[in-house]
Amino acid sequence: MLRILSPLLATFGLFASTAFGALEVNLDDPASIKAAAALVAKDLLTFYHGDEPGWVPGILPGPPPDGDYYWWQGGAMWGALLDYRHASGDTQFDDLITTALLFQVGPDKDFMPPNWTASMGNDDQSFWAFSAMLATEIGYTDPPPDQAQWLALAQAVFNEQTHDDRRAPSGNCEWGLRWQVYPSNNGYNYINTVANSCYFNVGARLARYTGNSTYGDLATKTFDLIKRLGYISTEWDVYDGAHLPDCTDINKAQFSYNAGMLLQGAAFMYNHTEGGAEWKEALDGLSTRILEVFFPNGTAFEPSCESTKCNTDMESYKGYLHRWMGNSIQLASYLHDKLYPVLKTSAQSAVNQCTGGDNGRMCGFHWTSGVYDGATGAGQQMDVLGALTALLIPGVAAPLTNSTGGTSQGNVNAGSNAPVMPQLAAITVGDKAGAGILTAIVITGALSAFAWMSMDG
Ligand SMILES: *[C@@H]1O[C@H](CO)[C@@H](O)[C@H](O)[C@H]1NC(C)=O
Ligand SMILES: *[C@@H]1O[C@H](CO)[C@@H](O)[C@H](O)[C@H]1NC(C)=O
Ligand SMILES: *[C@@H]1O[C@H](CO)[C@@H](O)[C@H](O)[C@H]1NC(C)=O
Ligand SMILES: *[C@@H]1O[C@H](CO)[C@@H](O)[C@H](O)[C@H]1NC(C)=O
Ligand SMILES: *[C@@H]1O[C@H](CO)[C@@H](O)[C@H](O)[C@H]1NC(C)=O
(Lines give C-alpha, C1' and ligand atoms only; values in the text may rest on other atoms or scores of the structure.)
(Ligands and ions follow the chains in the order given, each with its own letter.)
Protein backbone atom coordinates (compact mmCIF):
# COMPACT_ATOMS: atom_id res chain seq x y z
CA MET A 1 0.00 0.00 0.00
CA LEU A 2 0.96 3.56 -0.53
CA ARG A 3 1.85 5.38 2.64
CA ILE A 4 1.89 9.09 3.17
CA LEU A 5 5.32 10.21 4.24
CA SER A 6 5.12 13.89 4.96
CA PRO A 7 6.25 14.25 8.58
CA LEU A 8 4.42 17.54 8.98
CA LEU A 9 1.10 16.10 7.91
CA ALA A 10 1.73 12.97 9.93
CA THR A 11 2.22 15.10 13.02
CA PHE A 12 -1.18 16.60 12.55
CA GLY A 13 -2.74 13.27 11.77
CA LEU A 14 -3.96 14.31 8.34
CA PHE A 15 -3.15 11.05 6.55
CA ALA A 16 -6.48 10.22 5.09
CA SER A 17 -7.46 13.40 3.35
CA THR A 18 -4.22 14.44 1.74
CA ALA A 19 -2.67 13.49 -1.57
CA PHE A 20 0.67 14.99 -0.63
CA GLY A 21 3.62 12.73 0.01
CA ALA A 22 6.58 10.98 -1.53
CA LEU A 23 5.91 7.96 -3.67
CA GLU A 24 6.26 4.80 -1.59
CA VAL A 25 6.09 1.16 -2.56
CA ASN A 26 6.71 -2.34 -1.26
CA LEU A 27 8.18 -4.13 -4.26
CA ASP A 28 7.45 -7.54 -2.74
CA ASP A 29 3.73 -6.85 -2.88
CA PRO A 30 2.07 -6.69 -6.32
CA ALA A 31 -0.87 -4.72 -4.89
CA SER A 32 1.54 -2.09 -3.60
CA ILE A 33 3.31 -1.93 -6.97
CA LYS A 34 -0.04 -1.45 -8.71
CA ALA A 35 -1.08 1.31 -6.32
CA ALA A 36 2.18 3.17 -6.83
CA ALA A 37 2.04 2.65 -10.62
CA ALA A 38 -1.52 4.02 -10.69
CA LEU A 39 -0.29 7.26 -9.11
CA VAL A 40 2.64 7.52 -11.48
CA ALA A 41 0.34 6.93 -14.47
CA LYS A 42 -2.07 9.59 -13.25
CA ASP A 43 0.79 12.03 -12.75
CA LEU A 44 2.16 11.16 -16.21
CA LEU A 45 -1.14 12.16 -17.77
CA THR A 46 -0.91 15.63 -16.22
CA PHE A 47 1.52 16.31 -19.10
CA TYR A 48 -1.11 15.28 -21.67
CA HIS A 49 -3.78 17.71 -22.85
CA GLY A 50 -4.97 16.00 -26.02
CA ASP A 51 -8.36 15.34 -24.47
CA GLU A 52 -8.90 19.05 -23.79
CA PRO A 53 -10.40 21.61 -26.20
CA GLY A 54 -7.85 23.22 -28.48
CA TRP A 55 -5.26 20.46 -28.19
CA VAL A 56 -4.46 17.65 -30.65
CA PRO A 57 -5.41 14.14 -29.49
CA GLY A 58 -2.62 11.58 -29.27
CA ILE A 59 0.39 13.82 -28.81
CA LEU A 60 2.20 15.46 -25.93
CA PRO A 61 2.70 19.24 -26.12
CA GLY A 62 5.13 20.04 -28.96
CA PRO A 63 7.02 19.68 -31.11
CA PRO A 64 9.65 22.18 -29.93
CA PRO A 65 9.48 25.15 -29.76
CA ASP A 66 5.71 24.79 -29.18
CA GLY A 67 6.25 22.28 -26.39
CA ASP A 68 8.83 19.84 -25.10
CA TYR A 69 7.86 16.68 -26.94
CA TYR A 70 8.21 15.28 -30.45
CA TRP A 71 5.37 13.33 -32.09
CA TRP A 72 6.90 9.92 -31.46
CA GLN A 73 6.83 10.27 -27.69
CA GLY A 74 3.04 10.38 -27.69
CA GLY A 75 3.06 7.00 -29.42
CA ALA A 76 5.56 5.72 -26.88
CA MET A 77 3.45 6.95 -23.97
CA TRP A 78 0.40 4.97 -25.10
CA GLY A 79 2.59 1.87 -25.14
CA ALA A 80 3.69 2.54 -21.57
CA LEU A 81 0.05 2.90 -20.55
CA LEU A 82 -0.99 -0.26 -22.42
CA ASP A 83 1.70 -2.25 -20.63
CA TYR A 84 0.53 -0.72 -17.35
CA ARG A 85 -3.06 -1.66 -18.14
CA HIS A 86 -2.14 -5.24 -18.99
CA ALA A 87 0.09 -5.62 -15.94
CA SER A 88 -2.35 -4.05 -13.47
CA GLY A 89 -5.81 -4.69 -14.88
CA ASP A 90 -6.58 -0.98 -14.53
CA THR A 91 -8.77 -0.06 -17.53
CA GLN A 92 -9.56 3.54 -16.56
CA PHE A 93 -7.47 5.00 -19.39
CA ASP A 94 -8.89 2.85 -22.20
CA ASP A 95 -10.94 5.55 -23.90
CA LEU A 96 -8.04 7.95 -23.75
CA ILE A 97 -5.61 5.38 -25.20
CA THR A 98 -7.87 4.20 -28.02
CA THR A 99 -8.87 7.73 -29.04
CA ALA A 100 -5.25 8.83 -29.03
CA LEU A 101 -3.88 5.97 -31.11
CA LEU A 102 -6.67 6.14 -33.69
CA PHE A 103 -6.42 9.92 -34.03
CA GLN A 104 -2.84 9.66 -35.30
CA VAL A 105 -3.21 6.82 -37.83
CA GLY A 106 -3.50 9.15 -40.87
CA PRO A 107 -5.46 8.62 -44.11
CA ASP A 108 -3.47 5.53 -45.17
CA LYS A 109 -3.87 3.89 -41.74
CA ASP A 110 -0.12 3.67 -41.29
CA PHE A 111 0.82 6.23 -38.63
CA MET A 112 1.86 8.79 -41.25
CA PRO A 113 -0.59 11.62 -40.51
CA PRO A 114 0.01 14.56 -42.90
CA ASN A 115 0.82 16.98 -40.07
CA TRP A 116 3.92 14.99 -39.20
CA THR A 117 5.03 13.23 -42.38
CA ALA A 118 7.53 15.90 -43.42
CA SER A 119 9.60 15.28 -40.28
CA MET A 120 9.02 11.54 -40.15
CA GLY A 121 11.77 9.19 -39.04
CA ASN A 122 11.35 5.45 -39.43
CA ASP A 123 11.87 5.15 -35.68
CA ASP A 124 9.15 7.75 -34.99
CA GLN A 125 6.64 5.77 -37.01
CA SER A 126 7.74 2.54 -35.34
CA PHE A 127 7.09 3.75 -31.83
CA TRP A 128 3.41 4.10 -32.77
CA ALA A 129 3.59 0.65 -34.39
CA PHE A 130 5.00 -0.74 -31.11
CA SER A 131 1.87 0.46 -29.34
CA ALA A 132 -0.43 -1.03 -31.98
CA MET A 133 1.47 -4.32 -31.80
CA LEU A 134 1.29 -4.32 -28.01
CA ALA A 135 -2.47 -3.70 -28.20
CA THR A 136 -2.62 -6.76 -30.48
CA GLU A 137 -0.55 -8.90 -28.11
CA ILE A 138 -2.41 -8.06 -24.92
CA GLY A 139 -5.83 -8.58 -26.48
CA TYR A 140 -6.70 -4.92 -26.05
CA THR A 141 -10.24 -3.95 -27.12
CA ASP A 142 -10.43 -3.85 -30.91
CA PRO A 143 -11.45 -0.57 -32.57
CA PRO A 144 -14.83 -0.38 -34.32
CA PRO A 145 -14.75 -2.32 -37.62
CA ASP A 146 -14.74 0.83 -39.76
CA GLN A 147 -11.54 2.03 -38.08
CA ALA A 148 -7.90 0.96 -38.47
CA GLN A 149 -7.17 -2.29 -36.61
CA TRP A 150 -4.17 -2.79 -34.30
CA LEU A 151 -2.49 -5.66 -36.14
CA ALA A 152 -3.00 -4.10 -39.57
CA LEU A 153 -1.45 -0.85 -38.31
CA ALA A 154 1.72 -2.67 -37.23
CA GLN A 155 1.80 -4.51 -40.57
CA ALA A 156 1.35 -1.23 -42.45
CA VAL A 157 4.40 0.31 -40.80
CA PHE A 158 6.47 -2.84 -41.31
CA ASN A 159 5.47 -3.12 -44.98
CA GLU A 160 6.30 0.51 -45.72
CA GLN A 161 9.70 0.17 -44.06
CA THR A 162 10.40 -2.93 -46.11
CA HIS A 163 10.24 -0.82 -49.28
CA ASP A 164 13.54 -0.19 -51.06
CA ASP A 165 12.94 3.55 -51.17
CA ARG A 166 13.45 3.74 -47.40
CA ARG A 167 16.72 1.83 -47.60
CA ALA A 168 20.37 2.12 -48.57
CA PRO A 169 20.61 1.28 -52.30
CA SER A 170 24.01 -0.39 -52.49
CA GLY A 171 27.44 -0.77 -50.95
CA ASN A 172 28.47 -2.04 -47.53
CA CYS A 173 25.24 -0.99 -45.85
CA GLU A 174 22.97 -2.12 -48.69
CA TRP A 175 19.39 -2.68 -47.54
CA GLY A 176 20.01 -0.88 -44.23
CA LEU A 177 16.98 1.16 -43.18
CA ARG A 178 17.59 4.91 -43.21
CA TRP A 179 16.93 6.94 -40.09
CA GLN A 180 14.76 9.53 -41.85
CA VAL A 181 12.03 8.78 -44.38
CA TYR A 182 12.61 11.85 -46.60
CA PRO A 183 15.76 13.07 -48.41
CA SER A 184 14.96 16.61 -47.25
CA ASN A 185 15.76 15.72 -43.65
CA ASN A 186 19.16 15.60 -42.08
CA GLY A 187 19.70 12.03 -41.06
CA TYR A 188 18.49 10.59 -44.36
CA ASN A 189 22.00 9.26 -44.93
CA TYR A 190 22.32 7.93 -41.40
CA ILE A 191 21.76 4.17 -41.29
CA ASN A 192 21.22 3.92 -37.60
CA THR A 193 20.63 1.23 -35.05
CA VAL A 194 17.34 2.55 -33.78
CA ALA A 195 15.55 2.54 -37.14
CA ASN A 196 16.79 -0.95 -37.93
CA SER A 197 16.15 -2.28 -34.41
CA CYS A 198 12.60 -0.94 -34.50
CA TYR A 199 12.02 -2.77 -37.78
CA PHE A 200 13.62 -5.93 -36.37
CA ASN A 201 11.46 -5.71 -33.24
CA VAL A 202 8.16 -5.30 -35.11
CA GLY A 203 9.15 -8.05 -37.56
CA ALA A 204 10.00 -10.49 -34.77
CA ARG A 205 6.67 -9.81 -33.09
CA LEU A 206 4.70 -10.18 -36.33
CA ALA A 207 6.54 -13.46 -36.95
CA ARG A 208 5.53 -14.87 -33.60
CA TYR A 209 2.02 -13.46 -33.70
CA THR A 210 1.06 -14.55 -37.23
CA GLY A 211 3.45 -17.45 -37.82
CA ASN A 212 4.13 -16.01 -41.29
CA SER A 213 7.79 -16.81 -41.99
CA THR A 214 8.32 -13.74 -44.18
CA TYR A 215 8.39 -11.58 -41.06
CA GLY A 216 10.87 -13.85 -39.32
CA ASP A 217 13.12 -13.94 -42.38
CA LEU A 218 13.18 -10.14 -42.64
CA ALA A 219 13.76 -9.76 -38.90
CA THR A 220 16.65 -12.21 -39.01
CA LYS A 221 18.13 -10.49 -42.06
CA THR A 222 17.99 -7.19 -40.18
CA PHE A 223 19.60 -8.54 -37.02
CA ASP A 224 22.39 -10.07 -39.11
CA LEU A 225 22.90 -6.76 -40.92
CA ILE A 226 23.15 -4.82 -37.66
CA LYS A 227 25.76 -7.28 -36.43
CA ARG A 228 27.69 -7.38 -39.69
CA LEU A 229 27.94 -3.59 -39.75
CA GLY A 230 29.42 -3.73 -36.25
CA TYR A 231 26.59 -1.74 -34.67
CA ILE A 232 26.48 -4.66 -32.25
CA SER A 233 30.07 -5.31 -31.25
CA THR A 234 31.59 -8.70 -30.48
CA GLU A 235 31.20 -7.75 -26.79
CA TRP A 236 27.47 -7.04 -27.38
CA ASP A 237 27.85 -3.31 -27.00
CA VAL A 238 25.13 -1.60 -29.06
CA TYR A 239 26.31 1.51 -30.90
CA ASP A 240 24.27 4.31 -32.42
CA GLY A 241 24.86 3.95 -36.18
CA ALA A 242 26.93 5.14 -39.16
CA HIS A 243 26.50 7.03 -42.42
CA LEU A 244 26.33 6.26 -46.09
CA PRO A 245 28.08 5.52 -48.30
CA ASP A 246 29.76 2.68 -46.41
CA CYS A 247 28.57 2.82 -42.78
CA THR A 248 32.06 2.59 -41.31
CA ASP A 249 32.10 5.89 -39.31
CA ILE A 250 30.41 4.22 -36.36
CA ASN A 251 29.15 6.53 -33.63
CA LYS A 252 29.81 4.47 -30.51
CA ALA A 253 27.36 6.23 -28.23
CA GLN A 254 25.22 3.64 -26.43
CA PHE A 255 21.58 4.33 -25.63
CA SER A 256 19.53 1.99 -23.53
CA TYR A 257 16.50 1.83 -25.78
CA ASN A 258 18.53 0.40 -28.67
CA ALA A 259 19.84 -2.49 -26.57
CA GLY A 260 16.43 -2.97 -24.98
CA MET A 261 14.52 -3.24 -28.24
CA LEU A 262 17.09 -5.68 -29.65
CA LEU A 263 16.81 -7.80 -26.50
CA GLN A 264 13.03 -7.84 -26.67
CA GLY A 265 13.04 -8.65 -30.41
CA ALA A 266 15.52 -11.48 -29.80
CA ALA A 267 13.24 -12.79 -27.03
CA PHE A 268 10.31 -12.88 -29.46
CA MET A 269 12.46 -14.76 -32.01
CA TYR A 270 13.76 -17.11 -29.29
CA ASN A 271 10.22 -17.90 -28.24
CA HIS A 272 8.96 -18.15 -31.81
CA THR A 273 11.76 -20.56 -32.79
CA GLU A 274 11.21 -22.56 -29.59
CA GLY A 275 14.60 -21.78 -28.16
CA GLY A 276 16.64 -21.27 -31.33
CA ALA A 277 20.40 -21.27 -30.61
CA GLU A 278 21.12 -18.06 -32.54
CA TRP A 279 18.57 -16.20 -30.43
CA LYS A 280 19.71 -17.71 -27.15
CA GLU A 281 23.23 -16.53 -27.93
CA ALA A 282 21.88 -13.03 -28.65
CA LEU A 283 19.80 -12.99 -25.47
CA ASP A 284 22.73 -14.12 -23.35
CA GLY A 285 25.13 -11.60 -24.85
CA LEU A 286 22.79 -8.64 -24.91
CA SER A 287 21.41 -9.21 -21.42
CA THR A 288 24.86 -9.54 -19.82
CA ARG A 289 26.09 -6.37 -21.49
CA ILE A 290 22.87 -4.46 -20.74
CA LEU A 291 23.37 -5.10 -17.04
CA GLU A 292 26.97 -3.92 -17.23
CA VAL A 293 26.43 -0.82 -19.35
CA PHE A 294 23.02 0.44 -18.27
CA PHE A 295 22.71 -0.73 -14.66
CA PRO A 296 25.86 0.34 -12.83
CA ASN A 297 25.32 -0.58 -9.17
CA GLY A 298 21.95 -2.09 -10.04
CA THR A 299 20.18 1.13 -11.04
CA ALA A 300 19.32 2.24 -14.57
CA PHE A 301 21.66 4.92 -15.88
CA GLU A 302 21.86 6.46 -19.39
CA PRO A 303 25.63 6.48 -19.86
CA SER A 304 25.85 8.53 -23.06
CA CYS A 305 24.18 11.59 -21.62
CA GLU A 306 23.16 11.31 -17.98
CA SER A 307 26.30 12.71 -16.42
CA THR A 308 26.03 15.76 -18.69
CA LYS A 309 22.54 16.45 -20.10
CA CYS A 310 20.07 14.10 -21.72
CA ASN A 311 17.53 15.65 -24.08
CA THR A 312 13.80 15.13 -23.68
CA ASP A 313 13.84 12.08 -25.97
CA MET A 314 16.69 10.43 -24.09
CA GLU A 315 15.02 11.10 -20.76
CA SER A 316 12.39 8.51 -21.65
CA TYR A 317 14.64 5.58 -22.64
CA LYS A 318 15.06 3.89 -19.24
CA GLY A 319 11.38 3.13 -19.01
CA TYR A 320 11.36 1.28 -22.33
CA LEU A 321 14.43 -0.69 -21.28
CA HIS A 322 12.74 -1.83 -18.08
CA ARG A 323 9.49 -2.82 -19.77
CA TRP A 324 11.20 -4.65 -22.62
CA MET A 325 13.39 -6.57 -20.16
CA GLY A 326 10.26 -7.57 -18.25
CA ASN A 327 8.66 -8.71 -21.48
CA SER A 328 11.81 -10.65 -22.43
CA ILE A 329 11.50 -12.58 -19.17
CA GLN A 330 7.99 -13.62 -20.21
CA LEU A 331 9.22 -14.99 -23.51
CA ALA A 332 12.48 -16.53 -22.29
CA SER A 333 11.81 -17.45 -18.69
CA TYR A 334 15.38 -18.64 -18.11
CA LEU A 335 16.30 -14.94 -18.00
CA HIS A 336 14.21 -14.36 -14.88
CA ASP A 337 16.87 -14.93 -12.24
CA LYS A 338 19.43 -12.92 -14.17
CA LEU A 339 17.30 -9.86 -14.89
CA TYR A 340 14.51 -9.63 -12.33
CA PRO A 341 16.65 -8.78 -9.26
CA VAL A 342 18.22 -5.87 -11.14
CA LEU A 343 14.86 -4.63 -12.38
CA LYS A 344 13.83 -4.62 -8.74
CA THR A 345 16.79 -2.71 -7.28
CA SER A 346 16.52 -0.23 -10.12
CA ALA A 347 12.78 0.28 -9.58
CA GLN A 348 13.43 0.90 -5.89
CA SER A 349 15.99 3.59 -6.76
CA ALA A 350 13.52 5.04 -9.23
CA VAL A 351 10.76 5.34 -6.64
CA ASN A 352 13.08 6.68 -3.94
CA GLN A 353 13.66 9.93 -5.83
CA CYS A 354 9.97 10.61 -6.55
CA THR A 355 9.54 13.40 -4.03
CA GLY A 356 9.11 16.40 -6.32
CA GLY A 357 6.41 18.62 -7.77
CA ASP A 358 3.40 20.16 -6.13
CA ASN A 359 2.10 16.82 -4.91
CA GLY A 360 5.46 15.79 -3.46
CA ARG A 361 5.69 12.57 -5.48
CA MET A 362 6.75 13.63 -8.99
CA CYS A 363 9.82 11.88 -10.32
CA GLY A 364 13.14 13.13 -11.64
CA PHE A 365 15.54 11.42 -13.99
CA HIS A 366 18.73 10.78 -11.98
CA TRP A 367 17.90 7.56 -10.18
CA THR A 368 21.43 6.71 -9.06
CA SER A 369 21.71 9.90 -7.01
CA GLY A 370 18.93 8.87 -4.62
CA VAL A 371 17.39 12.33 -4.57
CA TYR A 372 14.91 14.18 -6.74
CA ASP A 373 16.80 16.28 -9.28
CA GLY A 374 14.35 19.16 -9.51
CA ALA A 375 12.92 18.57 -13.00
CA THR A 376 9.64 16.89 -13.88
CA GLY A 377 8.55 15.64 -17.30
CA ALA A 378 6.57 13.06 -19.19
CA GLY A 379 9.74 11.04 -19.77
CA GLN A 380 10.56 11.01 -16.06
CA GLN A 381 7.07 9.70 -15.22
CA MET A 382 7.11 7.18 -18.08
CA ASP A 383 10.43 5.80 -16.85
CA VAL A 384 9.19 5.15 -13.33
CA LEU A 385 5.90 3.79 -14.64
CA GLY A 386 7.92 1.43 -16.84
CA ALA A 387 10.12 0.35 -13.94
CA LEU A 388 7.09 -0.52 -11.79
CA THR A 389 5.18 -2.14 -14.65
CA ALA A 390 8.16 -4.31 -15.61
CA LEU A 391 8.05 -5.99 -12.21
CA LEU A 392 4.45 -7.08 -12.82
CA ILE A 393 4.82 -8.15 -16.48
CA PRO A 394 6.43 -11.56 -15.83
CA GLY A 395 3.41 -12.43 -13.68
CA VAL A 396 0.72 -11.74 -16.27
CA ALA A 397 -0.32 -13.39 -19.56
CA ALA A 398 2.41 -13.61 -22.18
CA PRO A 399 1.88 -11.89 -25.55
CA LEU A 400 -0.92 -13.55 -27.50
CA THR A 401 -0.65 -14.96 -30.99
CA ASN A 402 -3.36 -15.39 -33.59
CA SER A 403 -3.75 -19.00 -32.45
CA THR A 404 -3.78 -18.33 -28.68
CA GLY A 405 -6.61 -15.83 -28.36
CA GLY A 406 -5.48 -12.78 -30.33
CA THR A 407 -8.44 -11.21 -32.13
CA SER A 408 -7.01 -8.20 -33.94
CA GLN A 409 -7.69 -8.18 -37.68
CA GLY A 410 -4.58 -8.00 -39.83
CA ASN A 411 -3.95 -7.12 -43.44
CA VAL A 412 -0.76 -8.47 -44.98
CA ASN A 413 -0.98 -5.77 -47.64
CA ALA A 414 -1.54 -2.87 -45.26
CA GLY A 415 0.34 0.37 -45.81
CA SER A 416 0.87 2.65 -48.74
CA ASN A 417 2.68 1.54 -51.88
CA ALA A 418 3.15 5.11 -53.01
CA PRO A 419 6.72 6.37 -53.26
CA VAL A 420 7.66 8.62 -50.38
CA MET A 421 6.86 12.32 -50.52
CA PRO A 422 4.55 12.31 -53.58
CA GLN A 423 3.39 15.78 -52.54
CA LEU A 424 6.59 17.37 -53.82
CA ALA A 425 5.72 16.63 -57.42
CA ALA A 426 2.38 18.37 -57.01
CA ILE A 427 3.69 21.65 -55.65
CA THR A 428 3.23 24.59 -57.97
CA VAL A 429 3.60 28.30 -57.46
CA GLY A 430 0.57 29.66 -55.66
CA ASP A 431 -0.40 26.25 -54.31
CA LYS A 432 -1.13 27.05 -50.69
CA ALA A 433 -1.08 23.51 -49.46
CA GLY A 434 2.17 22.88 -51.25
CA ALA A 435 3.72 26.02 -49.87
CA GLY A 436 2.73 24.89 -46.41
CA ILE A 437 4.39 21.56 -46.93
CA LEU A 438 7.57 23.21 -48.17
CA THR A 439 7.69 25.46 -45.15
CA ALA A 440 7.20 22.46 -42.95
CA ILE A 441 10.10 20.70 -44.63
CA VAL A 442 12.42 23.64 -44.12
CA ILE A 443 11.47 23.93 -40.48
CA THR A 444 11.60 20.24 -39.67
CA GLY A 445 14.82 19.91 -41.60
CA ALA A 446 16.34 22.34 -39.16
CA LEU A 447 14.84 20.53 -36.20
CA SER A 448 16.08 17.21 -37.44
CA ALA A 449 19.51 18.68 -37.94
CA PHE A 450 19.49 19.53 -34.28
CA ALA A 451 18.33 16.07 -33.31
CA TRP A 452 20.95 14.58 -35.59
CA MET A 453 23.74 16.61 -34.10
CA SER A 454 22.81 15.66 -30.60
CA MET A 455 22.59 11.96 -31.43
CA ASP A 456 25.68 12.07 -33.51
CA GLY A 457 27.82 14.34 -31.42
C1 LIG B 1 -3.09 18.44 -37.58
O2 LIG B 1 -2.95 19.83 -37.24
C3 LIG B 1 -4.20 20.54 -37.15
C4 LIG B 1 -3.88 21.99 -36.91
O5 LIG B 1 -3.15 22.14 -35.74
C6 LIG B 1 -5.05 19.93 -36.06
O7 LIG B 1 -6.30 20.56 -36.00
C8 LIG B 1 -5.24 18.44 -36.34
O9 LIG B 1 -5.95 17.85 -35.27
C10 LIG B 1 -3.90 17.75 -36.49
N11 LIG B 1 -4.06 16.33 -36.82
C12 LIG B 1 -3.23 15.39 -36.37
C13 LIG B 1 -3.54 13.98 -36.80
O14 LIG B 1 -2.29 15.61 -35.65
C1 LIG C 1 -2.54 -16.62 -38.32
O2 LIG C 1 -2.00 -15.78 -39.35
C3 LIG C 1 -1.40 -16.51 -40.42
C4 LIG C 1 -0.68 -15.55 -41.35
O5 LIG C 1 -1.37 -14.35 -41.47
C6 LIG C 1 -2.48 -17.34 -41.13
O7 LIG C 1 -1.89 -18.11 -42.15
C8 LIG C 1 -3.15 -18.25 -40.10
O9 LIG C 1 -4.24 -18.90 -40.71
C10 LIG C 1 -3.66 -17.47 -38.90
N11 LIG C 1 -4.12 -18.38 -37.87
C12 LIG C 1 -5.30 -18.25 -37.29
C13 LIG C 1 -5.64 -19.25 -36.24
O14 LIG C 1 -6.08 -17.34 -37.57
C1 LIG D 1 7.49 -18.91 -24.91
O2 LIG D 1 6.64 -18.12 -24.10
C3 LIG D 1 5.64 -18.87 -23.42
C4 LIG D 1 4.74 -17.91 -22.71
O5 LIG D 1 5.44 -17.23 -21.69
C6 LIG D 1 6.32 -19.87 -22.47
O7 LIG D 1 5.33 -20.66 -21.84
C8 LIG D 1 7.28 -20.74 -23.26
O9 LIG D 1 7.99 -21.58 -22.37
C10 LIG D 1 8.26 -19.88 -24.04
N11 LIG D 1 9.13 -20.69 -24.86
C12 LIG D 1 10.42 -20.82 -24.62
C13 LIG D 1 11.19 -21.65 -25.61
O14 LIG D 1 10.98 -20.33 -23.66
C1 LIG E 1 28.60 2.99 -8.58
O2 LIG E 1 29.23 2.84 -7.32
C3 LIG E 1 30.58 3.23 -7.34
C4 LIG E 1 31.18 2.85 -5.98
O5 LIG E 1 30.37 3.34 -4.95
C6 LIG E 1 30.68 4.72 -7.60
O7 LIG E 1 32.02 5.14 -7.65
C8 LIG E 1 30.03 5.01 -8.95
O9 LIG E 1 29.99 6.40 -9.18
C10 LIG E 1 28.61 4.47 -9.01
N11 LIG E 1 28.10 4.64 -10.35
C12 LIG E 1 27.00 5.36 -10.59
C13 LIG E 1 26.61 5.49 -12.04
O14 LIG E 1 26.34 5.87 -9.73
C1 LIG F 1 3.20 -13.28 -45.26
O2 LIG F 1 3.66 -11.93 -45.22
C3 LIG F 1 4.09 -11.45 -46.49
C4 LIG F 1 4.71 -10.09 -46.26
O5 LIG F 1 3.79 -9.18 -45.82
C6 LIG F 1 2.92 -11.44 -47.45
O7 LIG F 1 3.35 -10.99 -48.71
C8 LIG F 1 2.33 -12.84 -47.55
O9 LIG F 1 1.16 -12.79 -48.35
C10 LIG F 1 1.99 -13.39 -46.17
N11 LIG F 1 1.57 -14.77 -46.27
C12 LIG F 1 0.47 -15.23 -45.67
C13 LIG F 1 0.19 -16.69 -45.85
O14 LIG F 1 -0.29 -14.53 -45.04
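Here are a few things to note about the model shown:
- Residue, most open to solvent (accessible area, probe 1.4 Å), within region 305-321, restricted to residues that are out of contact with any Asp or Glu (no Cβ under 8 Å at 6 or more places or on another chain) and part of a loop (DSSP other than H, G, I, E, B): Lys309
- Residue selected from region 392-412 under the condition open to solvent by less than 20 Å² (accessible area, probe 1.4 Å) and more than 10 Å from ligand 2 (Cβ to nearest atom), by the criterion farthest from Gln147 (Cα to Cα): Leu392
- Test: Ala300 is buried (at least 19 other Cβ atoms within 10 Å of the Cβ), outside any helix (DSSP H, G or I), at negative phi and away from ligand 3 (no atom under 16 Å from the Cβ): yes
- Considering region 192-231, the residues that are under 16 Å from Ala168 (Cβ atoms) and not in a helix (DSSP H, G or I) include one that is nearest to ligand 1 (Cβ to nearest atom), namely Asn192.
Yes/no matrix, rows are residues, columns are (1) touching a Leu at 6+ places or on another chain (Cβ under 8 Å); (2) over 26 Å from Glu137 (Cβ atoms); (3) open to solvent by less than 60 Å² (accessible area, probe 1.4 Å):
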| residue | (1), (2), (3) |
| --- | --- |
| Arg323 | no, no, yes |
| Tyr334 | no, no, no |
| Thr368 | no, yes, no |
| Ala375 | no, yes, yes |
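- Out of Gly211, Gly203, sole residue that is within 16 Å of ligand 2 (Cβ to nearest atom), touching a Gly at 6+ places or on another chain (Cβ under 8 Å) and within 27 Å of Asn411 (Cβ to Cβ): Gly203
- For the condition more than 16 Å from ligand 4 (Cβ to nearest atom), more than 24 Å from Phe294 (Cα to Cα), crowded, with 24+ Cβ neighbours inside 10 Å and not basic (Lys, Arg), Tyr209 qualifies.
- The single condition among (1) without any contact (Cβ under 8 Å) to a residue 12 or more places away in the chain; (2) within 16 Å of ligand 4 (Cβ to nearest atom) that Glu302 does not satisfy is (1).
- Among (1) free of Cβ contacts under 8 Å to residues at least 40 places away in the same chain; (2) within 16 Å of ligand 5 (Cβ to nearest atom) - the single one Thr222 does not satisfy: (1)
- Any hit, region 139-153, residues being within 16 Å of ligand 1 (Cβ to nearest atom) and in contact with a Lys or Arg (Cβ under 7 Å, 6 or more places away or on another chain): yes
- Residues that are of a type in the set (S, T, N, Q) and more than 18 Å from Gly298 (Cβ to Cβ) within region 351-366 comprise Thr355, Asn359, listed in sequence order.
The values are calculated or read from the model by the stated rules, or taken from the named source; none is laboratory data. For clarity, every value in this text was computed on a predicted model and none was experimentally measured. Don't worry about glycine lacking a Cβ; one is built from the backbone with ideal geometry, like all the others, and counts go over all protein chains shown. These accessible areas exclude ligands, DNA and RNA; they are computed on the full protein's heavy atoms, side chains included. Shrake-Rupley method; radii C 1.70, N 1.55, O 1.52, S 1.80 Å.
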